[in-house]
Structures are given as C-alpha cells and as structure tokens.
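The values are calculated or read from the model by the stated rules, or taken from the named source; none is laboratory data. Note that this is a predicted model, so its numbers are computed, not measured. Don't worry about glycine lacking a Cβ; one is built from the backbone with ideal geometry, like all the others, and counts go over all protein chains shown.
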Amino acid sequence: MELHEIVDEWLTACKSTTELALNGRGMDRAQVKELYNRANISMPLFHLFSTGFLEQIEKDLANVVNPATPALQRWSRARRGQAGRRNLRSVMKIYCPELLEEFDATVTGRGAWVRENRKLIKGSLKTGEVPPELTVILSESVQTVTNLEHLNAAIAALIRSKYPLGGAAAQD
C-alpha cells in the first residue's frame with residue numbers, strides 16, 4: 001500500500017507540473033509559486049544538503065521496493081542474503097512480473113523526462129518566453145502522466161484483489 005501512496009503522490013505532482021507548464025505564463029506570481037511547490041520539477045539548491053522532489057520520490061520508491069537490510073542481519077552473510085531476497089521487488093517478480101516491468105519503465109521514463117526538462121520549464125516560467133519545443137515536451141509529459149495513472153490503477157487493483165477490506169474474501 002505504501003507503494004501505491006508514493007505513486008499517487010508523484011502522480012499529483014506530475015499533474016501539477018503539466019498544469020504549470022501549460023498555464024504558468026498566464027498566472028500571477030503567487031499562483032505560479034503555489035503550483036510550483038506542488039510540482040515535481042523543483043531542484044535541489046545544494047546537492048550536498050538537500051534533494052529535489054524527483055530525487056526524494058525515487059529514494060522513497062527504492063526504500064519500499066528494495067529496502068536496506070536491517071542492521072542486525074548485516075553481520076551474517078547468510079542472513080544478509082536472505083533479507084536481501086525478502087523484498088517487494090522479489091515478490092513482484094514472482095507474482096506480478098508484468099506490473100514490475102510496468103513499474104520500472106514508468107518510473108524510469110518519468111524520471112528521465114523530469115531530468116531533461118525541468119530546467120527548460122523553470123526557465124520559461126521565469127522569463128515568460130515559450131520555447132519552440134514546448135508542445136513536444138508537454139505531449140511527453142502527458143504520456144508519462146498517463147503511464148503513472150495506469151500504474152497507480154494497476155497497483156490499486158492488485159491491492160483490492162488480494163486484500164479486500166469489508167468485502168468478500170479474495171478468490172484464488
């Protein structure tokens with residue numbers, strides 16, 4: 001469920017980013033600032049002391065899908081290996097490999113889009129000038145948002161089918 005919540009938070013930020021890129025030039029400074037705070041194009045000011053939104057989301061996803069081995073289990077090589085194999089990535093690889101592939105592709109695709117375009121979008125918001133490649137960038141953004149929506153729905157469907165709350169038991 002934590003994976004679903006992180007993806008859902010990222011999806012909200014992605015939608016804000018797309019809205020910001022589409023409508024940011026027509027808004028006043030307060031509206032742009034409020035929308036920018038929810039968007040996922042924010043960058044770290046000092047790479048040693050802080051992280052941007054994308055970097056934090058990727059770290060959260062990595063901690064959920066492939067968490068670090070507990071400290072007490074790191075001492076023993078056998079236990080370290082066992083703990084390393086008991087993670088969400090391993091379970092997904094066995095039970096829902098298609099979802100794992102979709103997850104990896106979606107996360108990688110959106111991360112690459114943000115890294116490539118956040119400086120351009122931030123610059124266009126500051127200057128108010130529309131770059132000529134903005135339509136291509138926005139169509140790519142819409143595609144990555146659609147991919148995240150599909151991934152979010154697939155994770156939610158898997159959770160509901162395996163762990164029904166208040167309904168009939170899962171049938172398998």
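General remarks:
- Residues considered: Glu2, Glu55, Glu19. Of these, the only one that is farther than 27 Å from Val136 by Cβ and either at pLDDT 70 or above or more than 12 Å from the chain's Cα centre (by Cα) (or both) is Glu2.
- Selection within segment 128-148: residues that are of a type in the set (Val, Ile, Thr) and either in a helix (DSSP H, G or I) or under 13 Å from the mean Cα position of the chain (by Cα) (or both). The member of this set that is farthest from Met92 (Cα to Cα) is Thr135.
- Cross-chain or 6+ apart pairs with Cβ under 7 Å, segment 149-161 first and within 16 Å of Leu88 (Cβ to Cβ), then outside any helix (DSSP H, G or I) and not charged (D, E, K, R): Leu158/Cys96; Ile159/Met1
- Residue selected from segment 106-146 under the condition basic (Lys, Arg) and under 14 Å from Leu54 (Cα atoms), by the criterion surrounded by the fewest Cβ atoms within 10 Å (Cβ to Cβ): Lys119
- Failed condition for Arg86, given (1) at pLDDT below 85; (2) farther than 21 Å from Met1 by Cα: (2)
- Residue within segment 117-124 that is at pLDDT 80 or above and either farther than 21 Å from Asn23 by Cα or more than 18 Å from the chain's Cα centre (by Cα) (or both) present: yes
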